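Peer 1: I am attaching a structure below and will ask some questions about it afterwards.
Since every read-out is calculated from the coordinates, none of them should be taken as a lab result. Quantities reported herein were computed from a predicted structural model and do not represent experimental measurements. So basically every Cβ, Gly included, is an ideal-geometry build from the backbone, and we count neighbours across all protein chains shown.
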Amino acid sequence: MKKLLFFIMGCCLSMSAWGVPAVVDYIFDGDTFSAQVELEPDIKITVRVRLINVDTPEMNGACSAEKIMAQSAKNLLATILPRGTNVELKNIKDDKYLGRINANVLLSDGRDVGLILIDSGLGRPYSGGKRRPWCK
């Protein structure tokens, strides 16, 4: 199983410069969802995708305000990416969690999902490293 996963990740990573089509399956929180990716006509996998350029509040946040914002961010992401939505994954990178990738996610009209969350005020720019707390 590990060998198959590494093969799949290698395929995704090598295609990331051009973008990889995916279909949204399930929203986990404000910046993570699962999607089905077609590697070849008869080979499909489901992966967890974390938006690469945005940080949203955590569902199990440190304060009630963060938890409320986290639910709002999740709801917004579910509105932007309802199940079955076709998206394009770009700049795919391996994640610290096995089975999850990081990627820019583009809608069919070219809009970046992470930027939509940032513009809404339910996310903030994130480029890696330690995240700032949401609670004051």
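Peer 1: Taking other Cβ within 10 Å of each residue's Cβ, how do THR56, THR79 sort, fewest first? Could the numbers behind the result be given before it?
Peer 2: Numbers: THR56 28, THR79 10.
In increasing order of surrounding Cβ atoms, one gets THR79, THR56.
Peer 1: Place a point 7 Å from the Cα of SER72 along the Cα-to-Cβ direction; which residues of segment 109-136 have their backbone N under 19 Å from it?
Peer 2: Once the point is set 7 Å along Cα→Cβ of SER72, 114-126, 132-136 turn out to lie under 19 Å by backbone N, inside segment 109-136.
Peer 1: Sticking with this one: Most mobile of ILE92, ILE52, ILE116 per a Gaussian network model of the chain (Cα springs, under 10 Å)?
Peer 2: ILE116
Peer 1: For the chain, modelled as a GNM with alpha-carbon contacts under 10 angstrom, which of GLU40, GLU58, GLU88 fluctuates the most?
Peer 2: Highest fluctuation of the listed residues: GLU40.
Peer 1: Sum up the lysine pairs in the chain that clear both bars: alpha-carbon distance under 28 Å and a spacing of 8 or more or different chains.
Peer 2: Summing the qualifying lysine pairs gives 25.
Peer 1: Nearest 10 degrees, 0 to 90: what angle lies between the long axis of helix 2-15 and the longest principal axis of the chain (Cα atoms)?
Peer 2: For helix 2-15, the angle is close to 80 degrees.
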